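Input: a single structure, listed below in structure tokens.
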Amino acid sequence: MDTLSIVISMINTMINIVTTALVAFTAISLIVSTVMIGIITYVSVVERIKEIGVIRSLGGRKKDVAHLFNAETFIIGLVAGLLGIGITYLIGFVANIIIGGITGIYTLVSLKWYQAIIMVTISVLLTLISGLFPSRSAARMDPVNALRTEKNVRNKIINVLFICLGLFMIVSCGSTEIIPKGYANKENYTNANI
């Protein structure tokens, strides 16, 4: 093998590594955003307990209440997906102008129409999945208890936010080690425990 083929092989390997890392980061961000949309929908359910009670007491079925929250998450997913695609096309247009001015290639950054449709569909599906649990919990509410609900909603929202904060701290600090006081660094702590 000559030097050029070795260099091309190394570049291809680096591109594959970067692509894999970007896919992993994207998957993690999709999972986190799905959980956050579920939490936001649950907070929306908690804030609207009385309204749910009114809907149910006026003859609304459990299915109607569930459809209300499912429609809300559908709209959130659709708007978020369309906004993301619009920003992507805008950034791609600007990047093509800048790169084209430098290299003469004006079609380097492109997003095909079918890829955009797939991305919007994934956005809608993820938000619908994340809204299933909150919509079911809203549908199961007893109308009499929902109408009697006092204004302790703020405490429930604060509890949900503290749980989310705790989960975020656990996820973000899960890969770090806590070194006890008195040890200068990880090597000193590791050597002391051997």
Are there any pairs, at least 6 apart or on different chains, whose C-beta atoms fall under 6 Å, with the first in region 17-36 and surrounded by 10 or more Cβ atoms within 10 Å (Cβ to Cβ) and the second modelled with pLDDT of 85 or more, and if so, which? T34/L126; T34/S130
Test result for I55, touching a residue at least 12 places away in the same chain (Cβ under 8 Å), open to solvent by less than 80 Å² (accessible area, probe 1.4 Å) and closer than 15 Å to M141 by Cβ: yes
Would you check if there is a residue in region 71-83 being among the β-branched types (V, I, T) and modelled with pLDDT of 90 or more? yes
Residue set F69, F74; condition open to solvent by less than 70 Å² (accessible area, probe 1.4 Å), aromatic (F, W, Y) and in a helix (DSSP H, G or I); output residue F69
May I ask you to verify whether S44 is in contact (Cβ under 8 Å) with a residue 24 or more places away in the chain, within 22 Å of R136 (Cα to Cα) and surrounded by 15 or more Cβ atoms within 10 Å (Cβ to Cβ)? yes
Does at least one position in region 93-106 carry a residue that is touching a residue at least 12 places away in the same chain (Cβ under 8 Å), under 21 Å from V23 (Cβ atoms) and open to solvent by 60 Å² or more (accessible area, probe 1.4 Å)? no
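The values are calculated or read from the model by the stated rules, or taken from the named source; none is laboratory data. Model, not experiment: these values are computed from the prediction. Ideal geometry is used to build each Cβ from the backbone, glycine not excepted, and the neighbour counts take in all protein chains shown. Accessible surface is based on the protein model in full, side chains and every heavy atom, while ligands, DNA and RNA are left aside. Shrake-Rupley method; radii C 1.70, N 1.55, O 1.52, S 1.80 Å.
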